[in-house]
Amino acid sequence: MGVAEQVAGHYGRPGLEQDVLTAVAEAGLDLDHLRPLDLAEIDEFHLGGLETMRSLLAELDLGPGRRLLDVGSGIGGPARLAAAEFGCPATGVDLTPEFVETARTLTRLVGLEDQVVFETADAAALPFAEGAFDRATMIHVGMNLPDKASVFAEVRRVLEPDGLFLIFDQMLTGDAEPDYPVPWAAEASASFLETPARYRELLGEAGFTVDLERDLTHEGVAFFERMRAEADAAGGPPALGLHVMFGAEWPQRVAHDAAALVQGVLTANVVVARAT
């Protein structure tokens, strides 16, 4: 099995879309009257949740005149947020067919299907013309990319000159690895972590200059602590949350990730790079 199939299999499974829709209903939400923000607890699959994503998207000067590509779009949270709150048309690509199908359904249910579209695609071979986008995001995806050089080169190809590429990933601080499983991989063979310095190097080789770097590790740890406190207070996880997609292993995955951030094995970094 190749890496692409391994990654898609890690995230996708039969019945994922129905499980998500069932969780939405069990959370007391009306499927016929959904709003984009109703889904934030399950479709913002990254450290910090909704508020962090709002602040990151604000770095990109989005608006109706921008065209956004979200690489590794999952079930669509960041792309829908860009459209709903910034008025920016968005395209999401993901390797996992079940993610793409679920993203399309949720986008239709919140009434954004005219502004946000999703395609199943490999980020190392994007199905778009040169300069098709003004902005790109990659949110907690690089940990699953063995060939970041090819992906960054493809993102550069489909961005207009002076376009911005925002990356928010967990990265290594040194040689130590986290304990597995973690949210993005069941074992080390499916995890492709790199240091911030390596990201900068690869971005430069792909034709980008780095405009901004920010360490959000503290915010990531606080996010995990808040999740744990809310679950303890409620006597268990909420009806709608990321555990719906990952099942019984989710608590262990979160615990390993949180420990790696606290111990300094991992850092949660934001990079905004400009196409030259």
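The values are calculated or read from the model by the stated rules, or taken from the named source; none is laboratory data. Note that this is a predicted model, so its numbers are computed, not measured. In this analysis, Cβ positions are derived from the backbone assuming ideal geometry, glycine residues included, and neighbour counts consider all displayed protein chains.
Quick notes
- Looking across Leu37, Leu95, one residue alone is closer than 30 Å to Asp215 by Cβ, out of contact with any helix residue (DSSP H, G or I) (no Cβ under 6 Å at 6 or more places or on another chain) and aliphatic (A, V, I, L, M). It is Leu37.
- Matching entry among Gly92, Gly77, Gly72, Gly87 (being in contact with a Pro (Cβ under 9 Å, 6 or more places away or on another chain) and on the phi > 0 side of the Ramachandran plot): Gly87
- Any hit, segment 84-91, residues being closer than 24 Å to Thr195 by Cα and crowded, with 24+ Cβ neighbours inside 10 Å: no
- Among the residues listed as Glu177, Glu187, the single one being out of contact with any Leu (no Cβ under 9 Å at 6 or more places or on another chain), under 22 Å from Asp147 (Cα atoms) and charged (D, E, K, R): Glu187
- Of all residue pairs spaced 6 or more apart or on separate chains, those with beta-carbon atoms under 8 Å, a first member in segment 140-155 that is over 14 Å from Ala125 (Cα atoms) and of a type in the set (Val, Ile, Thr) and a second member that is part of a loop (DSSP other than H, G, I, E, B) and at pLDDT 95 or above are Val141/Gly72; Val141/Ala123.
- Matching residues in segment 10-42 - criterion: being hydroxyl-bearing (Ser, Thr, Tyr) and surrounded by fewer than 19 Cβ atoms within 10 Å (Cβ to Cβ): Thr22
- The condition (being in a loop (DSSP other than H, G, I, E, B) and surrounded by fewer than 24 Cβ atoms within 10 Å (Cβ to Cβ)) is satisfied by just one residue among Gly111, Gly74: Gly111.
- Selection count, segment 19-36, where residues are over 21 Å from the mean Cα position of the chain (by Cα) and under 17 Å from Leu242 (Cβ atoms): 4
- The one condition in (1) in a helix (DSSP H, G or I); (2) out of contact with any Pro (no Cβ under 7 Å at 6 or more places or on another chain) that Asp61 fails to fulfil: (1)
- Of all residues making up segment 15-40, the number that are within 27 Å of Ala188 (Cα to Cα) and either modelled with pLDDT under 90 or hydrophobic (A, V, I, L, M, F, W, C) (or both): 1
- Candidate set from segment 13-31 (those that are of a type outside the set (Gly, Ala, Ser) and in a loop (DSSP other than H, G, I, E, B)); member that is nearest to Pro238 (Cα to Cα): Leu29
- Elements of the type helices (runs of 4 or more DSSP H) sitting completely within segment 199-276 and holding at least 2 residues that are free of Cβ contacts under 8 Å to residues at least 24 places away in the same chain, more than 24 Å from His10 (Cβ to Cβ) and within 20 Å of the chain's Cα centre (by Cα): these cover 217-234.
- Conditions (1) closer than 19 Å to Val151 by Cα; (2) among the aliphatic types (A, V, I, L, M); (3) surrounded by fewer than 17 Cβ atoms within 10 Å (Cβ to Cβ); (4) out of contact with any Phe, Trp or Tyr (no Cβ under 9 Å at 6 or more places or on another chain): number failed by Val210: (4)
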